Amino acid sequence: IMQMFQAELQKVLEDEDLRSRLLLRVGWISEGATALSPVWHYYRRDPESKTSVKADRPPLTQDQVQECVATLLRTTCLPGVLLRFRSTRPLGTQTQSEVVPFLISVGLRGQHAQEAHTALTLLSDNGAAKLLGMCFRPERMAKSAMGKAVEEAYLQTPYTDWTRRSSTWNAPAAAPAQEGSS
């Protein structure tokens, strides 16, 4: 996948018609410092219109995107970097959905795992991945179904004095300044 991604990025640099189509019609890129260094915009999901809209993050340059892809090509085959890469749904000969989500788990230890994680983070929600019809997104940090069930069972036990806590944390109010102190 990363080799195909790298080839498509190279096509954008070589093909003026493709670059102008992505610039004018689609809007995934904008002109950069030079004609051969376009910038790729970040996108976010708009829940009201149910479409992707440009995010406020500063765009990535073509060189940065190519460096991220090169980093992923170099590091993901090393041991301990890519722990899991699988579809979250069963794949058949004909897929009914327009979207096929994949889960990528990156290791926690080592310099190469950190480089791969940084590259994936930079490519997350970036328009460059749309060249292949992809979108990298970080995992939604929510409790698993098993974690929720264990918490609920623990809170139901009669010998614990735990009560349900609010899921939001509020910062304590600042102490008033005392007179005479500097």
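Among the numbered conditions (1) of a type in the set (S, T, N, Q); (2) without any contact (Cβ under 8 Å) to a residue 24 or more places away in the chain; (3) touching a strand residue (DSSP E or B) at 6+ places or on another chain (Cβ under 7 Å), tell me where Q156 comes up short.
Result: Q156 fails condition (3) only.
Can you tell me which residue in segment 19-68 is farthest from H117 (Cα to Cα), limited to those that are of a type in the set (K, R) and in contact (Cβ under 8 Å) with a residue 12 or more places away in the chain?
The qualifying residue farthest from H117 (Cα to Cα) is R19.
List every residue pair whose Cβ atoms sit under 6 Å apart, with the two residues 6 or more apart in sequence or on different chains, where the first one lies in segment 1-15 and is more than 15 Å from L123 (Cβ to Cβ) and the second, anywhere, is outside any helix (DSSP H, G or I).
As it stands, the answer is L13/L36, since those pairs meet every condition given.
Which of (1) more than 30 Å from R74 (Cα to Cα); (2) at pLDDT below 85 does I104 not meet, given it meets every other one?
With (1) more than 30 Å from R74 (Cα to Cα); (2) at pLDDT below 85 applied to I104, the lone miss is (1).
Mind checking whether some residue in segment 151-163 is at pLDDT 80 or above, outside any loop (DSSP other than H, G, I, E, B), among the charged types (D, E, K, R) and under 30 Å from Y43 (Cβ atoms)?
No, every residue in segment 151-163 fails to be at pLDDT 80 or above, outside any loop (DSSP other than H, G, I, E, B), among the charged types (D, E, K, R) and under 30 Å from Y43 (Cβ atoms).
Name the one entry in A55, A33, A70 that is touching a Phe, Trp or Tyr at 6+ places or on another chain (Cβ under 8 Å) and either within 14 Å of D125 (Cα to Cα) or not polar (S, T, N, Q) (or both).
A55
The values are calculated or read from the model by the stated rules, or taken from the named source; none is laboratory data. If you're wondering where the values come from, they're calculated on a predicted model, not measured in any experiment. With ideal geometry, Cβ positions are generated from the backbone for all residues, glycine too; neighbour counts draw on all protein chains shown.
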